[in-house]
Amino acid sequence: QVQLVESGGGLVQAGGSLRLSCAASGSIFSINTMGWYRQVPGKQRELVAAMTRGGSRTYADSVKGRFTISRDNAKNTVYLQMNSLKPEDTAVYYCYSNSLPLSTGRGTGYWGQGAQVTVSS
């Protein structure tokens, strides 16, 4: 079992920045990929960014050049630096971990409880 706890959400004006953090605990040795998804009411949860233990990063096209994912493996923590935020970035952001890279479509995944990010225009 892996437990994920997010922090850092909130309200920001368009053009501003926020940083999300997600700390993992439990069976951390099993984690390969850590990342972030987001969801708005009535829509499917979508991948925002992910990073493997080896440092390979994946970004959604909509956030490339604005968001940066990073990991501190010593602290078992993943970060999402969000710059130049837009109202359409408003969503609940969920931390995610998987025992394998996302490209495999397999592995054991865990979710955090979610953090609200609201961007006002």
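Here, each number is a calculation from the coordinates, and none is a lab measurement. If you're wondering where the values come from, they're calculated on a predicted model, not measured in any experiment. Here Cβ is always computed from backbone atoms with ideal geometry, including for glycine, and neighbour counts include all displayed protein chains.
At GLN13 and GLU88, where each label point lies 7 Å from the Cα along Cα→Cβ, what is the point-to-point distance in nanometres?
Each label point lies 7 Å from its Cα, and together they span 2.2 nm.
Principal axes first, then extents: for the Cα atoms of the stretch 1-47, list largest minus smallest coordinate on each axis, whole Å, largest first.
38, 24, 14
List the lysines whose Cα lies under 19 Å from the Cα of LYS43, skipping any in the same chain that are fewer than 8 positions away.
List returned: LYS86.
Suppose the chain between LEU47 and THR108 were pulled fully straight at 0.36 nm per residue; how much longer would it get relative to their current alpha carbon spacing?
20.3 nm
Provide, as a two-decimal number, the C-alpha radius of gyration of the stretch 27-121 over 2.2 N^0.38 Å, N being how many residues it has.
1.06
Please give me, ordered by residue number, the trypsin sites (Lys or Arg not before Pro) of the stretch 59-94 that lie in loop per DSSP and have at most 16 other Cβ atoms within 10 Å.
Qualifying residues, ordered by number: LYS64, ARG66, LYS75.
Which of the aspartates and glutamates could a cross-linker bridge to LYS75, judged by Cα under 17 Å and excluding same-chain residues fewer than eight apart?
Here the aspartates and glutamates satisfying the reach criterion relative to LYS75 are GLU6.
Pull out the extension gain between LYS75 and THR118, defined as 0.36 nm times the separation in residues minus the alpha carbon to alpha carbon distance; nm, one decimal.
The LYS75-THR118 span can extend by a further 12.8 nm.
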